[in-house]
Amino acid sequence: MSDVAKKSRRRGPRGICSACEKTTTDIDRNRLRTNKRTTIAIAAMTVFALLSGAGLSAQSATESGKVLRGKAAFGDWREDAPGIRRLITLADLPEIAPEVANLVELAPKPADAVLHVPDGFAVAVVATGLAQARVIHVAPNGDIFVANSSAGEVRVYRVPAGSSNPTETEVFASGLHQPYRMAFYPPGPDPQ
């Protein structure tokens, strides 16, 4: 019988010789032992963490003292303080009411309204009557571009230095679908 035939007769079902199979079995047993040790260590850490957490929560419950319940649990920032906790149960929640439309209405500006800004700054109205002004960009030459979303346009206001009144007002681009963002190209001090 040739050496090749002898070797093939000694091979196990997976093509591994019987001598090697013993070695792989030993390796598998070592892996199982390592996995058991890892599992036991993880279980021990979990139990420790749970016991430690229970001790901390019991300690904080006695130290913090105040737990707001029922209607008192529904409060605002004036009642908040370090250590105050709120317990809201299902019974505390209000009944579900039908949906109500919450439409936004534009309030008129009071005649005596004044914006307060830091020293050295000033605020002035440049344009009014825009449908939905979203983004304002100032070009390097001082032109003010405004994305007027509802009107589907971008407007440009040419305002001389030191003034708040535009000398020219025009539509820069129209027929847009709710414009929001703008960019000057090429970037830098001289866009085209």
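The values are calculated or read from the model by the stated rules, or taken from the named source; none is laboratory data. Here the structure is a predicted model, which is why all the values come from computation and not from measurement. Positions of Cβ are generated from backbone atoms using ideal geometry, with glycine treated the same way; all protein chains shown enter the neighbour counts.
A few remarks follow.
Listed here are the residues, each with its yes/no results for (1) in a helix (DSSP H, G or I); (2) modelled with pLDDT of 85 or more; (3) loosely packed, with under 10 Cβ neighbours inside 10 Å; (4) aliphatic (A, V, I, L, M).
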| site | (1), (2), (3), (4) |
| --- | --- |
| Gly75 | no, no, no, no |
| Glu105 | no, no, yes, no |
| Pro110 | no, yes, yes, no |
| Val114 | no, no, yes, yes |
| Val117 | no, no, yes, yes |
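Every residue, every condition in (1) modelled with pLDDT of 90 or more; (2) within 34 Å of the chain's Cα centre (by Cα), yes or no:
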| residue | (1), (2) |
| --- | --- |
| Ala139 | no, yes |
| Pro160 | no, no |
| Ala173 | yes, yes |
| Pro186 | no, yes |
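- When region 141-158 is filtered for residues that are surrounded by 14 or more Cβ atoms within 10 Å (Cβ to Cβ), part of a loop (DSSP other than H, G, I, E, B) and within 28 Å of the chain's Cα centre (by Cα), only Ser149 remains.
- Only a single criterion out of (1) modelled with pLDDT of 55 or more; (2) surrounded by fewer than 10 Cβ atoms within 10 Å (Cβ to Cβ) is not satisfied by Pro13, namely (1).
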